[in-house]
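Take a look at the structure below.
The values are calculated or read from the model by the stated rules, or taken from the named source; none is laboratory data. This structure is a prediction, so every number in the text was calculated from the model and none was measured. Neighbour counts are summed over all protein chains in view; Cβ atoms, including those assigned to glycine, are modelled from backbone coordinates with ideal geometry.
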Amino acid sequence: MSSPFLIAVRDDSSMTTDSPGPRSGGPSRRRVFAPAQKLDHLAAYEAAILRNQGGAYLREQGIYSSQITEWRKLRDAGVLAGKKPGQKIGRLSAEQAEIARLRRQLDQAEQRVATTEVALTIMGKAHELGEKLSKSSRDEPPHTRS
């Protein structure tokens, strides 16, 4: 019994291709960053953010934003400072996490205080200018139409 839709195909070619597969050499190893490298990447990323180039830096370096977030936590807790290359960095203890959280809060409060001080300075100068303008308008004789 033959079907009119079956066609004989001859295939003598081998299954190999010129390009190697995505895992031709086996799985690739995960990159490991030394604490000093993490601190360098954090500094470079934060500088790139100021230039509105944070995403470009991450793509260029092949780093995920979640890594930056984790490294910031470690840096803020003081875990990255003083570590030698290859030295294991574990999870933050509850105390270290609390220290990191409080440092972030302190930084935010200091930024708010600085912003408030600048705003108060500007308001003081604006008030002073308003007083000068008010005083000078009282001292001038009224304008008469001729």
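Side notes on the structure shown:
- Candidates are the residues of region 62-72 that are assigned to a helix (DSSP H, G or I) and buried (at least 17 other Cβ atoms within 10 Å of the Cβ); the one that is nearest to the chain's Cα centre (by Cα) is Ile68.
- The combined condition, being basic (Lys, Arg) and modelled with pLDDT under 90, is fulfilled by Arg23.
- Taking residues in region 63-81 that are under 16 Å from Ala43 (Cβ atoms), and partners anywhere that are at pLDDT 90 or above and of a type in the set (Ser, Thr, Tyr), the pairs with Cβ atoms closer than 7 Å and at least 6 places apart or on different chains are Ile68/Tyr45.
- Residues within region 32-61 that are touching a residue at least 12 places away in the same chain (Cβ under 8 Å) and either part of a helix (DSSP H, G or I) or loosely packed, with under 12 Cβ neighbours inside 10 Å (or both), tallied: 11
- Flag for Ile89 being modelled with pLDDT under 85, closer than 29 Å to Arg30 by Cα and in contact with a helix residue (DSSP H, G or I) (Cβ under 9 Å, 6 or more places away or on another chain): yes
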